[in-house]
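S.K.: Have a look at this one before I ask anything.
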Amino acid sequence: LQEITKPLCVCVPLSKKVVDGTKSRKVKTTHLLHIDEHDFTMRPAFAGPAVPVGVDVQVESLDSISEVDMDFTMTLYLRHYWKDERLAFPSSTNKSMTFDGRLVKKIWVPDVFFVHSKRSFIHDTTTDNIMLRVFPDGHVLYSLRVTVTAACNMDFSRFPLDSQTCTLELESYAYTDEDLMLYWKSGDESLSTDDRISLSQFLIQKFHTTSRLAFYNSTGWYNRLYINFTLRRHIFFFLLQTYFPAILMVMLSWVSFWIDRRAVPARVSLGITTVLTMSTIITGVNASMPRVSYIKAVDIYLWVSFVFVFLSVLEYAAVNYLTTVRDGKERKLREKVREQSLPCTCDMSHARTMMLDGTYSEADANSLAGYTRASMAAEDASEKQERMVVHLSLDNESTGTKKKGIRSFRIIQNTHNIDTYSRMIFPGAYILFNLIYWCVYY
């Protein structure tokens, strides 16, 4: 019974215990990498040949392009490759060791900086975005995540139909080409980009890499690496915000050519409205642009459009002035006709004086409604004599003048023809300007 009542022991196999590599290591990392045994303030192979440092870059995002400040902001992964035999360590598995940014301060790393950069920083969320990987043979991979804002020399002579090429330049700050040889690790393949990179105003056409030597008078020659990218501006935004409103304002100014020349308030207010609107469009475009000392393509278009609008106002001013001059001459002519001593002029009616020019107003036409066919026929006999008086008076006024003066008087007599010609000349000239503009700049 005692054997039966004996508790049963069930053996359950325990899971394999994970080996903690930090405990099994007999020496610390600083001892394994011989950090305390070397002076890492000196470059590898000091006093020997230049240290080759390969570089590759992965562009994470192109954050912004600023025309006003002439710069761009880019976030990228910057990786350095070199060999430092002082960091070689024995390994049976030939595996590398990976560290964070704390070890970077204890060893030598390349002092690469961004030329022409305005601002830059290493990301530190949640910790410093720095990675250091050391291989048993002493090869080192040093990677960090950086956001940099750098200058970009832009040419706005074709804005907004332009393409801009910006460059991010990398260079060693202290080591010349005799101490450090900076190069692209895999040529053009050293630069990789995210396919999802896009900008609201630009189309990214291409990225490519170049390298050359840079010379400074006081320090010497340095290896410099270039990341070049070309941007082409999207035109649709500017078509909606700038070009289409300008075209509409120019077309609106042509409406005055179809308004009666005696409607002064309507034509003047229309002309002033279009001029002020064009001024507002020009001011708005220049407010978002740097103050460059040369003419931009958009300036040419807007100012030519402004000239067309302004000329339509001047056209009405000319029409109004010539109409006033013509009316004054008509009044003087009527007074002279009435003062003539010839009997055929003593009873010249208003209907006869209207024949002095080829146009009739609506009031004049209504005034003729009271004339019957018989009364008009009764006055036909004296019509020739009245016209003779008018021609005589015109001949007396034009005595001693040139033919040019006579032609100008005929133009004054037909001021309504100026509006007629303007209806064809203004649209035709503006269409021709648009054809030339878009063929040259687009």
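The values are calculated or read from the model by the stated rules, or taken from the named source; none is laboratory data. Because the structure is predicted, anything quoted here is derived from the model rather than measured. Every residue, glycine as well, gets a Cβ built from its backbone with ideal geometry; the counts of neighbours run over all protein chains shown. Side chains are part of the model used for accessible areas, which takes the heavy atoms of the whole protein and leaves out ligands, DNA and RNA. Shrake-Rupley method; radii C 1.70, N 1.55, O 1.52, S 1.80 Å.
S.K.: Do you know which residues across segment 104-147 are without any contact (Cβ under 8 Å) to a residue 12 or more places away in the chain and of a type outside the set (D, E, K, R)?
M.R.: Of everything in segment 104-147, those that are without any contact (Cβ under 8 Å) to a residue 12 or more places away in the chain and of a type outside the set (D, E, K, R) turn out to be 125, 126.
S.K.: Oh, and also: Of the residues that make up segment 322-337, is at least one under 28 Å from residue 242 (Cα atoms), out of contact with any Cys (no Cβ under 8 Å at 6 or more places or on another chain), open to solvent by less than 40 Å² (accessible area, probe 1.4 Å) and in the same structural domain as residue 246 (by the TED database)?
M.R.: no
S.K.: Can you name every residue in segment 37-53 that is surrounded by fewer than 17 Cβ atoms within 10 Å (Cβ to Cβ) and of a type outside the set (Asp, Glu)?
M.R.: Going residue by residue through segment 37-53, those that are surrounded by fewer than 17 Cβ atoms within 10 Å (Cβ to Cβ) are 37-39, 41-42, 45-50, 52.
38, 41, 42, 45, 46, 47, 48, 49, 50, 52 - these are the residues of segment 37-53 that are surrounded by fewer than 17 Cβ atoms within 10 Å (Cβ to Cβ) and of a type outside the set (Asp, Glu).
S.K.: For residue 195, are the conditions met, namely being of a type outside the set (S, T, N, Q) and without any contact (Cβ under 8 Å) to a residue 24 or more places away in the chain?
M.R.: In short, yes.
S.K.: Kindly indicate whether any position in segment 296-305 is open to solvent by less than 70 Å² (accessible area, probe 1.4 Å), touching a residue at least 60 places away in the same chain (Cβ under 8 Å) and among the acidic types (Asp, Glu).
M.R.: No, segment 296-305 contains no residue that is open to solvent by less than 70 Å² (accessible area, probe 1.4 Å), touching a residue at least 60 places away in the same chain (Cβ under 8 Å) and among the acidic types (Asp, Glu).
S.K.: Further question: Say whether the condition of being of a type in the set (S, T, N, Q) and under 23 Å from the mean Cα position of the chain (by Cα) is met by at least one residue in segment 288-299.
M.R.: Within segment 288-299, one or more residues are of a type in the set (S, T, N, Q) and under 23 Å from the mean Cα position of the chain (by Cα).
S.K.: Within segment 67-91, track down each residue that is in contact with a strand residue (DSSP E or B) (Cβ under 7 Å, 6 or more places away or on another chain) and of a type outside the set (A, V, I, L, M).
M.R.: 71, 72, 73, 75, 77, 79, 80, 81, 82, 83, 84
S.K.: Another question, then. Against the definition (farther than 30 Å from residue 67 by Cβ, out of contact with any His (no Cβ under 8 Å at 6 or more places or on another chain), not hydroxyl-bearing (Ser, Thr, Tyr) and not in a helix (DSSP H, G or I)), how does residue 262 come out, yes or no?
M.R.: Yes.
S.K.: I would also like to ask the following. Going by the structure shown, is residue 135 open to solvent by less than 60 Å² (accessible area, probe 1.4 Å), modelled with pLDDT under 95 and not charged (D, E, K, R)?
M.R.: So residue 135 fails the test.
S.K.: If you don't mind, another one. Can you tell me which residue within segment 216-244, out of those that are open to solvent by 90 Å² or more (accessible area, probe 1.4 Å) and at pLDDT 95 or above, is farthest from residue 71 (Cα to Cα)? Quick ask: steps written out before the conclusion?
M.R.: Applying the first criterion (open to solvent by 90 Å² or more (accessible area, probe 1.4 Å)) to segment 216-244 yields 217-218, 221, 236-237, 241, 244.
Cutting the leftovers down to at pLDDT 95 or above gives us 221, 244.
Values: 221: 26, 244: 29 Å.
Only one residue tops the list, namely 244.
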